[in-house]
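The values are calculated or read from the model by the stated rules, or taken from the named source; none is laboratory data. Computed from a prediction, not measured in an experiment: that's the story for all the values here. Methodologically, a virtual Cβ is constructed for each residue, glycine included, from the backbone with ideal geometry; neighbour enumeration extends over all protein chains shown. Each accessible area value is taken on the protein alone, full model and side chains, heavy atoms only, with ligands, DNA and RNA left out. Shrake-Rupley method; radii C 1.70, N 1.55, O 1.52, S 1.80 Å.
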Amino acid sequence: MNVLFHITAAVGVAVMLTDTDKIKPGNTLVQNSRTMLSVFAGGIISHGAIDYIPHCYPVNSKADIVCGFILICTLLFLTRTGFRMITGLAIFGGILPDLIDLGPAMMNGILNTNLPVFPKIFPWHWKVYSGSVYTGNCNVSTFNHFLLLLMVAFICLLRKKDFLSIFRFN
């Protein structure tokens, strides 16, 4: 899926796995390490899960990268200070597999560089396990994208207190 969808999923992961009652402003990194590790791992796992399901790419890769960068900056700006590392790690976990497996080839295509491209290490990027659809029929993909957005919204509503504690909208 596009980076934008991985970032969106990472928001759901951060909200779902962060108990904001336990994350206090004076906490050390060690005290928050369990949450930080779980959101990072959750970001990677969510990436695999949503790449495995059938999907097309509704956003052009250049626009996806630019919009993804803007979305990351906006989300980190909207994240309250005590939760910024947690949100950042969820997002980083959510996009890391693409940075490793697809980043060099994309940079070569976009910037005309000649970075070395290695075999993909994440199984959901291997052709046999990838849900990428190249037949032109993206109806299932559109439905899956909608379900992902709905699921993240549902998580944020179910954990509204944590969502509002992590992000500032006032």
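Quick rundown of the values:
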| item | result |
| --- | --- |
| Filter result for Ser130 (part of a loop (DSSP other than H, G, I, E, B), surrounded by 11 or more Cβ atoms within 10 Å (Cβ to Cβ), within 20 Å of the chain's Cα centre (by Cα) and in contact (Cβ under 8 Å) with a residue 12 or more places away in the chain) | yes |
| Some residue of segment 159-169 being free of Cβ contacts under 8 Å to residues at least 24 places away in the same chain, open to solvent by less than 100 Å² (accessible area, probe 1.4 Å), under 30 Å from Phe83 (Cβ atoms) and of a type outside the set (Asp, Glu) | yes |
| Test: Thr74 is farther than 26 Å from Asp101 by Cα and either surrounded by fewer than 19 Cβ atoms within 10 Å (Cβ to Cβ) or out of contact with any His (no Cβ under 8 Å at 6 or more places or on another chain) (or both) | no |
| Residue within segment 89-98 that is without any contact (Cβ under 8 Å) to a residue 40 or more places away in the chain, of a type in the set (Gly, Ala, Ser) and within 27 Å of Lys24 (Cβ to Cβ) present | no |
| Cβ-Cβ under 8 Å pairs, at least 6 apart or on other chains, segment 1-17 side over 14 Å from Gly93 (Cβ atoms) and touching a residue at least 24 places away in the same chain (Cβ under 8 Å), far side of a type in the set (Val, Ile, Thr) and outside any helix (DSSP H, G or I) | Asn2/Val59; Leu4/Val59 |
| Selection from segment 77-114 of residues that are of a type in the set (Ser, Thr, Tyr) and open to solvent by 50 Å² or more (accessible area, probe 1.4 Å) | Thr81, Thr113 |
